[in-house]
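To start, the structure under review is shown below, and the notes come after it.
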Amino acid sequence: MKSSSNSKKLDSRLFLAKLISQYAHIHQKTAGPVANEYIRQLGIRTGEWFENFYDYIPEPWTLDDYANVIIDIKNSIGGHFEIDEIHTDHVIVKATECPFGKEVQQAPHLCMMTSSVFGGIAARKFGYAKVKLQKQIALGDSGCEVVIYFEPNEEVEGEVYEDLPITPEKGDPFTWEEDALIMLDKELNHSDRMIEQLLDELEDLRNEVNRLKKHV
């Protein structure tokens, strides 16, 4: 079948990006803020799975090793990332293209995947990480800028990663521990209670407005 010259070309990457972004969008609409925690946990485990592809790098990793690995990960799955700066206490990477393409703008919280992959790897290799997403294609910026700190810095906002469990050798990082599932379930229930409370407050407000109308 012929397509018009200005139409997009359908391929597996575009299809998967659309599918994942739409699933993430629907999930956030139904789960609310807790959707971020789901993606955070998924990213932490995905990062550990990625590490298996770089087991030829001798331990302990250097900061250069770490920076090159996270860049290679992103570029291997369809992004366009590059190292901007490497310092003793932090690394800055930039991107002109997201692995999810422009579809990520429909589900900006997918950026938590980048944060938790980068932060999870850094925490396992160096003991601590704080990730700050300074610029995001998902929010309309022309590119992404991510800073990964390896030491606590109270002056900087960001997602903190430390004391992460490490899967035993030859184990599967995608084997979800019971406590992790319980924690996610509690977060979801908390979110549900907040929504129910908000609905109750709105109902009370509506009743109060109707009561006042009767006395006008």
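The values are calculated or read from the model by the stated rules, or taken from the named source; none is laboratory data. Remember, it's a predicted structure, so these values are computed and weren't measured experimentally. Every residue, glycine among them, receives a Cβ derived from its backbone with ideal geometry; neighbour counts consider all protein chains shown.
Kindly establish whether Glu103 is over 16 Å from Leu139 (Cα atoms) and among the acidic types (Asp, Glu).
no
Can you tell which of Ala122, Ala129, Ala67, Ala95 is assigned to a strand (DSSP E or B), small (Gly, Ala, Ser) and closer than 30 Å to Gly171 by Cβ?
Step by step, each of Ala122, Ala129, Ala67, Ala95 is checked, and only Ala129 is assigned to a strand (DSSP E or B), small (Gly, Ala, Ser) and closer than 30 Å to Gly171 by Cβ.
For region 204-215, indicate whether the set of residues that are surrounded by 10 or more Cβ atoms within 10 Å (Cβ to Cβ), at pLDDT below 90, of a type in the set (S, T, N, Q) and within 21 Å of the chain's Cα centre (by Cα) is non-empty.
Within region 204-215 (the criterion being surrounded by 10 or more Cβ atoms within 10 Å (Cβ to Cβ), at pLDDT below 90, of a type in the set (S, T, N, Q) and within 21 Å of the chain's Cα centre (by Cα)), the answer is no, since none of the residues qualifies.
So which residues in region 111-127 are touching a Phe, Trp or Tyr at 6+ places or on another chain (Cβ under 6 Å) and of a type outside the set (D, E, K, R)?
Across region 111-127, the qualifying residues are Gly119, Gly120, Ala123, Phe126.
Select from region 56-100 the residues that are buried (at least 16 other Cβ atoms within 10 Å of the Cβ), within 12 Å of Ile137 (Cβ to Cβ) and either among the polar types (S, T, N, Q) or touching a Leu at 6+ places or on another chain (Cβ under 8 Å) (or both) and list them in ascending order.
Phe100
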